[in-house]
Amino acid sequence: MNVTDYTFLLNKPDAINERYADTLDQVLEAFPYFQSARVLKLKHLYNQDSFNYNNTLKQTAAYTTDRGILFDFITSDSFVSVQKGLYEKKLEELMNMSVVGSEVVIVEHKVSQAELLEQSILTSIKEATTPEEAQAVAQLEIGKPLEFNKTERHSFQEWLQLSRLKPIVRTEEAAKEEPVSDEKRKKLDLIDKFIESNPKIKPVAKDAIVPTVEPIVEDTSFLMTETLARVYLEQKKYSKAIQAYEILILKYPEKSSFFANRISDIKILQQNNN
């Protein structure tokens, strides 16, 4: 891929085909922090309705300096133009190209790594689940690309959060006690002296009036959207997803039947994954 082809793709990301996608994979392998190449790959996965899109979105965000720009990209109809008129120029060149003779060329399709992974996901859904659960997965459209609009920055940030925290594995060397500095030793001595003095806390009188503090309950239902509910579902936070659809039933009673069916499907997954 040369500079002209790459600039063309930046102006027209919808033109990315499998050949360009494979080339982008090679570029990213050599230059993992090449941000524009990552968003082009992301756009291609979205156009293909790929199961890899959602996780690739997280990876792209991790390599992106300004996630606000990434959010604007995935919520816009087209990518920001880098060089105006380039697409029209290349299109005009193709239209004016003269063709002498013709031949039928059969191209053997090379299965990409992304296609293999997607097929593996589909196979695992068919083989590793019950028919009831497989139907629930299909109806909930799990794995389908998440679609955010410009008002859903909160949903976007929720998706970028880690769904699971991995425990910190400490090595034996890290577990060894580090030498205590003189300043830290002085502070520890002060704490020991305070404990030795046996300070007493005066009990509160029985007739004393203890002020009650009312907990502040913040209404965040306005942040709830169908996309956020899907985010919780993709993260396998089934309880949160159910709660999200319950809020959506109250917000949009005209779609209560649809949301209720989603809750039923989520409960099937929740039961089979406990």
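The values are calculated or read from the model by the stated rules, or taken from the named source; none is laboratory data. The structure presented is a predicted model; accordingly, all values stated were derived computationally and were not measured. Counting neighbours? That spans all protein chains shown, and the Cβs are built from the backbone with ideal geometry, glycine included. Surface accessibility is based on the protein's heavy atoms, side chains included, excluding ligands, DNA and RNA. Shrake-Rupley method; radii C 1.70, N 1.55, O 1.52, S 1.80 Å.
Seen from Ala30, the other residues with C-beta closer than 15 Å to its C-beta sum to a net charge of -1, counting Lys and Arg as +1 and Asp and Glu as -1. Beyond 18 Å, the tail of the calculated P(r) for the range 1-79 holds 34 percent of the Cα pairs. Rolling a 1.4 Å probe over the protein chains gives Arg153 an accessible area of about 110 Å². Couplings 3J(HN,Hα) of the range 59-75, computed from phi: 5, 5, 5, 5, 9, 9, 5, 10, 5, x, 5, 4, 4, 4, 5, 6, 10 Hz, in residue order, whole Hz [Karplus 6.51 cos²θ - 1.76 cosθ + 1.60, θ = phi - 60°; x for Gly and Pro]. For Phe51, the accessible surface of its heavy atoms amounts to roughly 40 Å² (probe 1.4 Å, protein chains only, rounded to the nearest 10).
Evaluating 6.51 cos²θ - 1.76 cosθ + 1.60 at θ = phi - 60° for every residue in the range 21-32, the Karplus couplings come out as 5, 5, 5, 5, 4, 5, 5, 5, 5, 7, 10, x Hz, glycine and proline recorded as x. Exceedance of the 21 Å cut-off in Cα-Cα distance is limited, within the set Lys43/Lys240; Lys43/Lys150; Lys43/Lys237, to Lys43/Lys240; Lys43/Lys237. Stretching the chain fully between Asn261 and Lys144 yields a gain of 40.3 nm (0.36 nm per residue, less the alpha carbon separation).
Each Lys or Arg adds one and each Asp or Glu takes one away; over the other residues whose Cβ falls under 15 Å from the Cβ of Ser257, this sums to -1. Ordered by 1.4 Å accessible area with all protein chains kept, Ser256, Ser50 run largest first as Ser256, Ser50.
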